[in-house]
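Remarks on the structure that follows.
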Amino acid sequence: MSELAVAMPGLNLNNPIMPASGCFGFGREYSNYYDLSELGAVIMKAATGTARLGNPTPRVAETASGMLNAIGLQNPGVDKIIEHEVQFLAAYNTPIIANIAGSTIEEYEMVAAAFNKTDHVHALELNISCPNVKEGGIQFGTNPVMAAKVTERVKRVSKLPVYVKLSPNVTDIVAMAKAVESAGADGLSMINTLTGMQIHLPSKRPLIANKTGGLSGPAIKPIAIRMIYEVKQRVDLPIIGMGGICNAEDVLEFLLAGASAVAVGTANFGNPLVCREIIADLPDVLNRFGFASVQEAIGKAVFV
Amino acid sequence: MSELAVAMPGLNLNNPIMPASGCFGFGREYSNYYDLSELGAVIMKAATGTARLGNPTPRVAETASGMLNAIGLQNPGVDKIIEHEVQFLAAYNTPIIANIAGSTIEEYEMVAAAFNKTDHVHALELNISCPNVKEGGIQFGTNPVMAAKVTERVKRVSKLPVYVKLSPNVTDIVAMAKAVESAGADGLSMINTLTGMQIHLPSKRPLIANKTGGLSGPAIKPIAIRMIYEVKQRVDLPIIGMGGICNAEDVLEFLLAGASAVAVGTANFGNPLVCREIIADLPDVLNRFGFASVQEAIGKAVFV
Amino acid sequence: MIKKEKLTIIATEQIAKDTIEMKLKNIHVSETVVPGQFLHILMEGHTLGRPISIADIDKENHIVTILFKVIGAGTKRLAEYSVGQQIDALGPSGNGFPLWQDEKVTVLLIGGGIGVPPMYCLGKQLAKQNVNVIAILGFQTAEYVIYEEKFNQIAETYIVTDDGSYGNKGFVTDLLDQVEEFDCYYTCGPLPMIQAITGKLKGKDGYISLEERMGCGVGACLACMIPANNESGYKKICSDGPVFRAEEVTI
Amino acid sequence: MIKKEKLTIIATEQIAKDTIEMKLKNIHVSETVVPGQFLHILMEGHTLGRPISIADIDKENHIVTILFKVIGAGTKRLAEYSVGQQIDALGPSGNGFPLWQDEKVTVLLIGGGIGVPPMYCLGKQLAKQNVNVIAILGFQTAEYVIYEEKFNQIAETYIVTDDGSYGNKGFVTDLLDQVEEFDCYYTCGPLPMIQAITGKLKGKDGYISLEERMGCGVGACLACMIPANNESGYKKICSDGPVFRAEEVTI
Ligand SMILES: Cc1cc2nc3c(=O)[nH]c(=O)nc-3n(C[C@H](O)[C@H](O)[C@H](O)COP(=O)(O)OP(=O)(O)OC[C@H]3O[C@@H](n4cnc5c(N)ncnc54)[C@H](O)[C@@H]3O)c2cc1C
Ligand SMILES: Cc1cc2nc3c(=O)[nH]c(=O)nc-3n(C[C@H](O)[C@H](O)[C@H](O)COP(=O)(O)OP(=O)(O)OC[C@H]3O[C@@H](n4cnc5c(N)ncnc54)[C@H](O)[C@@H]3O)c2cc1C
Ligand SMILES: Cc1cc2nc3c(=O)[nH]c(=O)nc-3n(C[C@H](O)[C@H](O)[C@H](O)COP(=O)(O)O)c2cc1C
Ligand SMILES: Cc1cc2nc3c(=O)[nH]c(=O)nc-3n(C[C@H](O)[C@H](O)[C@H](O)COP(=O)(O)O)c2cc1C
Ligand code: FES
Ligand code: FES
């Protein structure tokens, strides 16, 4: 196994770097910048049961060392994604992870089941930061019972390993992780964005038309590292870590905290080549800090 | 009433700017930089029942647009604070707010009662981001029942108005605010720091000796604004807003979101004169965005 | 094709109130850019790029000109850059204006405020291709007027200011009836201006250049949507635009 | 007295591996600083100040010199500043070394790595006051050696490197028995070095300069504590230190 390779349920990655869901579309645009086969894997933009148009604009705003977004799950629906986008990505030599979302458990099931139809998707990332319309709009991801239920139901219909993507907007991240672990999750993906708001002074309105948006970028990295650390101490699932990663040093910090692989989101916007550059830099950074391989660095922070 | 003045329970502020607890000590050091009477009020470093030595060092770390701290409530104990520090601050023409902390409800009560002995303290800020040693170390501030209980008990013993300082490390900030409102809180102070971690790559250890620390600074401002917005829609208490404020524009953003006054923490470290400079800039910023006074701007963001 | 490029600043100057003109040297951008395209400028310390239109192209010397108004942290920072420094940008980004090449054609350019620069880039190209160009340029006040002489060289030019402190008083739309017949119009400026223009000129062949807050600048993040009358129901301003046929999108 | 000051960079040069020497002009700092004090350097884009010791003082020309090692984001950024630019800093910060003024006194200065510069500042002052100065300076390797000639002018100087690539091979403590009798020692450098020295020289009159990660740099935030044998049980490095009597604090 090469120094950068990592194996996780359903995923044999040549390296631990993947673009984060929603920050890379379905790869088409970035395929103009470099060969997507260089990536550890690609995590696609969220898929829902039917096409969604998303939120009104503005949908993004810059914040100190971060950004807010409220795209609103805009996507062409799972069938078109499988037909056009998975087809496009399948031409590259890189595993595909499908991020799935829904407004009801039934929609999650339907989307998960749809991905059984293709052989090109290697894992599901279950995005539970969505409001459950049947439960008064409470997010699946902020209630351990609801999170466990949707995980269990998706596991039941899907033939693929399921990585549950945890929301950081919770009092007890370990309780959330444990809930989805006992519901059968194969892995965790963390963290999604923190809910934030910015008010535009001239208009006195929230800058994001949706009022609130998800905070991402380097600003949230300390929160991501803390949550991964906490979960890793108490839960046995492999973790895809994310939140503010910009360079290979950041990747090593996530590996040390307990992530087995990482996703890079917001940083793609400041530099479309960032994933490729991180992959190129990673061997040096590993060696500089005394690791022979990615596998060796996972969870190696010293907490005593 | 002057354009910058604000009245809140127990506090007649000449302006809405106060240094945040823990970021200004007891004012002595910053009194070398400017006259503390210029401040709207001073919020003192947390007081506990007896002297505490705090956490091992390193206690601070820089993060992207923010910092982590785990000072650990180091303070000389409430009696010495009243004797020496309140005495020192009383010489200035600015209201004093005492931040109080404890490991048990009894300690909070004891500290709150102690501040009845002096006439120089105008309000209490109840710091509930402390572990309750009698309840397995769960933070008072992450459990609505515990938060309400400590608020009620402190209200019962204290003659001063009580501003409860909410922790942002919760799933439902509105539930926390409502809990302390019904327990008799006179106001809210929000937000305290978000729990974070940074791993030092050369040593592979958390950079903060306490492992986790509280994230503050501009990085968290969008989270603070969102939480103040959410609480302001549902709870009637006046709010002291804080989290990443660096300049007068930031202050206006907090006022618009619903804060009646603000506290400036981390920014003092980058510029010891920051509170004074914000006070000087605030009239211009209010006027530029069409407000005749601070009072007029409070809660004036348009959310429809 | 859009690429990540380093551009070297060879001149930077304030040419009107809060308005900076910057000349940038770069082979790829200068050789491939067409009027209407923009640079997505990436600056250290800023999470998101700043889209700025190309205002002039000098292919021979490998120079492109941008004009920007200092309105927030990013443009303030950009204004502080000095000659010799390099900036990172994605470019040329987006799709440009369709071009006529016929001396019997008359086009009307309508620019508002900082929407004027891309109109100049377009007008200069059209004039070179022997098209008749008329330009209506609107500014808040006299202090913000830019590129008047340059426009005079390529077009019959009308200036309006909101307060009448320079040129005609009023809005660009006030002049629409006063200019001669045209075959096609192009416009760039604040959204209310564009809405007024497309309203008044309904049925006319027209192209509009739109703005929206952007994330990626390349079409991947779906930040910059505009409702459209196509199958998917939307277009992306960064990659399908910023130039659209007037009736193609819903503004 | 500590103030917030702007200092103008009048020279900046790399003088050893990863090591920058920077000369800064400022009246207040240069006139009031004493050896052992530091500047708490504030840089845009950085939440916290960077404490850097004063390495040399030129009161006549209002210049102070700092030397710093590029180890992270802040010192990297500082190394990019150029002549003419200004930096913000709080200073002079902290308390300096107590000074002797007696030609019968011999002092030993022990500096390790980037702890050498404040030792030079002190040694130069003591030499001026006719004190006999001996200096032991330790570096990782030859590439990091700094200020050797300067020390030769003011002190009997011994250089050691960890790997023997320059001077003696070994640690500064290896030389403690070999130097002549001294009345008092001063030391600044990595904590393990200071611990070894205070251990070996227990009972001797000695002063140590300590480092800790700082928040405010002025004594308000309680970030930079060191356990001490006083009533409160601690001292603050930024405002009570960074210089302490060896037995006053617990390291
Ligand atoms: C296709 C296109 C071409 C443009 N061409 C020009 C030009 O030639 N000259 C010029 O001065 N301006 C132009 N703009 C507007 C310009 O991008 C914004 O003024 C600029 O990004 C503001 O950045 P800031 O950091 O100063 O403002 P801030 O308000 O601090 O910016 C915060 C964020 O909002 C975004 N933003 C703010 N205003 C706008 C806006 N009007 N449109 C899009 N994003 C915005 C910024 O990009 C940034 O992400 C263009 C916009 C688009 C979309
Ligand atoms: C009183 C005092 C005097 C000093 N004098 C000098 C000097 O003359 N020359 C010199 O090169 N260095 C000196 N140092 C160490 C210097 O402050 C750090 O090397 C520097 O702050 C590192 O900043 P960075 O951004 O490059 O590193 P980063 O690791 O990126 O810094 C992150 C944070 O950690 C802090 N930090 C990192 N290392 C240290 C350290 N060793 N001590 C204190 N804080 C640290 C930084 O200030 C910053 O807040 C001194 C430290 C102290 C406390
Ligand atoms: C513009 C944008 C769109 C996003 N869309 C999705 C999405 O569709 N599904 C999802 O699970 N996460 C989505 N995310 C969250 C990211 O995948 C990631 O978890 C988060 O941004 C933290 O990583 P970062 O700081 O590297 O961006 C989105 C983030 C951004 C910035
Ligand atoms: C070094 C430091 C010490 C703090 N100590 C306290 C404290 O003793 N009590 C308290 O309620 N909050 C404390 N806080 C939190 C601040 O008062 C404030 O709520 C938080 O830092 C957010 O504001 P800011 O981003 O402006 O710093 C501390 C913050 C910092 C950075
Ligand atoms: S800015 Fe990302 S799609 Fe247009
Ligand atoms: S750094 Fe704040 S007390 Fe020393």
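The values are calculated or read from the model by the stated rules, or taken from the named source; none is laboratory data. No experiment lies behind these values; they were computed from the predicted model shown. Positions of Cβ are generated from backbone atoms using ideal geometry, with glycine treated the same way; all protein chains shown enter the neighbour counts. Accessible surface is based on the protein model in full, side chains and every heavy atom, while ligands, DNA and RNA are left aside. Shrake-Rupley method; radii C 1.70, N 1.55, O 1.52, S 1.80 Å.
A few points about this structure:
- Search result, residues across the range B:9-21 that are buried (at least 21 other Cβ atoms within 10 Å of the Cβ) and part of a loop (DSSP other than H, G, I, E, B): B:N15, B:P16, B:A20, B:S21
- Evaluation of D:Q85 against (1) surrounded by 22 or more Cβ atoms within 10 Å (Cβ to Cβ); (2) out of contact with any helix residue (DSSP H, G or I) (no Cβ under 7 Å at 6 or more places or on another chain) (one fails), failing number: (1)
- Of the residues making up the range D:98-116, not a single one is in contact with a Phe, Trp or Tyr (Cβ under 8 Å, 6 or more places away or on another chain), open to solvent by 40 Å² or more (accessible area, probe 1.4 Å) and polar (S, T, N, Q).
- Scanning the range A:208-223 for residues that are surrounded by fewer than 22 Cβ atoms within 10 Å (Cβ to Cβ) and at negative phi yields A:A209, A:N210, A:T212.
- Residue that is farthest from ligand 5 (Cβ to nearest atom) [pool: residues in the range C:225-238 that are touching a Gly at 6+ places or on another chain (Cβ under 9 Å) and at the interface with another protein chain (Cβ under 7 Å from one of its Cβ atoms)]: C:Y234
- In the range A:175-207, the residue that is surrounded by the most Cβ atoms within 10 Å (Cβ to Cβ) out of those that are at the interface with another protein chain (Cβ under 7 Å from one of its Cβ atoms) and charged (D, E, K, R) is A:K204.
- The set of residues in the range C:142-162 that are open to solvent by 70 Å² or more (accessible area, probe 1.4 Å) and more than 24 Å from C:Q125 (Cβ to Cβ) comprises C:E143, C:D162.
- Residue within the range D:186-202 that is assigned to a loop (DSSP other than H, G, I, E, B), within 20 Å of D:G241 (Cα to Cα) and not basic (K, R) present: yes
- Set B:G241, B:G258: member being under 16 Å from the mean Cα position of the chain (by Cα) and within 17 Å of A:R205 (Cβ to Cβ): B:G258
- If the condition is being assigned to a loop (DSSP other than H, G, I, E, B), under 20 Å from A:A20 (Cβ atoms) and away from chain C (no Cβ under 14 Å), then the range A:257-304 contributes A:G258, A:A259, A:S260, A:I298.
- Evaluated against (1) open to solvent by less than 60 Å² (accessible area, probe 1.4 Å); (2) away from ligand 5 (no atom under 16 Å from the Cβ); (3) touching a Leu at 6+ places or on another chain (Cβ under 8 Å), C:E248 falls short on exactly one condition, (3).
- Residue match in the range C:90-110 (condition: more than 12 Å from the chain's Cα centre (by Cα) and over 24 Å from C:I208 (Cα atoms)): no
- Checklist (1) within 16 Å of ligand 2 (Cβ to nearest atom); (2) hydroxyl-bearing (S, T, Y); (3) not in a strand (DSSP E or B) applied to D:S165, failing item: (1)
- Among the residues of the range B:38-71, those identified as touching a strand residue (DSSP E or B) at 6+ places or on another chain (Cβ under 7 Å), more than 8 Å from every other protein chain (Cβ to nearest Cβ) and more than 16 Å from ligand 2 (Cβ to nearest atom) are B:L39, B:G40, B:A41, B:V42, B:I43, B:M44, B:A46, B:A47, B:T48, B:R52.
- Subset of the range D:163-212 that is within 14 Å of chain B (Cβ to nearest Cβ) and free of Cβ contacts under 8 Å to residues at least 40 places away in the same chain - its residue that is least open to solvent (accessible area, probe 1.4 Å): D:E212
- Among the numbered conditions (1) within 19 Å of D:G115 (Cβ to Cβ); (2) more than 16 Å from ligand 4 (Cβ to nearest atom), the only one that D:G203 does not meet is (1).
Yes/no per residue for (1) within 13 Å of ligand 3 (Cβ to nearest atom); (2) on the phi > 0 side of the Ramachandran plot; (3) assigned to a loop (DSSP other than H, G, I, E, B):
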site: A:C23; (1), (2), (3): yes, no, yes
site: A:F26; (1), (2), (3): yes, no, yes
site: A:Y34; (1), (2), (3): no, no, yes
site: A:G40; (1), (2), (3): no, no, yes
site: A:T50; (1), (2), (3): no, no, yes
site: A:N55; (1), (2), (3): yes, no, yes
site: A:L68; (1), (2), (3): yes, no, no
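- Considering the range A:214-234, and only residues there that are within 8 Å of chain B (Cβ to nearest Cβ) and either farther than 22 Å from B:V170 by Cβ or within 16 Å of ligand 5 (Cβ to nearest atom) (or both), the residue that is farthest from the chain's Cα centre (by Cα) turns out to be A:P218.
Table: residues versus (1) within 16 Å of ligand 2 (Cβ to nearest atom); (2) within 14 Å of another protein chain (Cβ to nearest Cβ); (3) farther than 26 Å from C:R245 by Cβ.
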| residue | (1), (2), (3) |
| --- | --- |
| C:N26 | no, no, yes |
| C:I41 | no, yes, yes |
| C:K76 | no, yes, yes |
| C:S93 | no, yes, no |
| C:V105 | no, no, no |
| C:V116 | no, no, no |
| C:L122 | no, no, no |
| C:K128 | no, no, no |
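- The lone exception for A:L282 - which of (1) aliphatic (A, V, I, L, M); (2) free of Cβ contacts under 8 Å to residues at least 40 places away in the same chain; (3) in contact with a helix residue (DSSP H, G or I) (Cβ under 6 Å, 6 or more places away or on another chain) it fails: (2)
- Consider the range D:35-58 and keep the residues that are over 16 Å from the mean Cα position of the chain (by Cα) and at pLDDT 95 or above. The one that is most open to solvent (accessible area, probe 1.4 Å) is D:D58.
- Selected residue [open to solvent by 10 Å² or more (accessible area, probe 1.4 Å), in contact with a helix residue (DSSP H, G or I) (Cβ under 8 Å, 6 or more places away or on another chain) and of a type outside the set (D, E)] from A:R52, A:R28: A:R28
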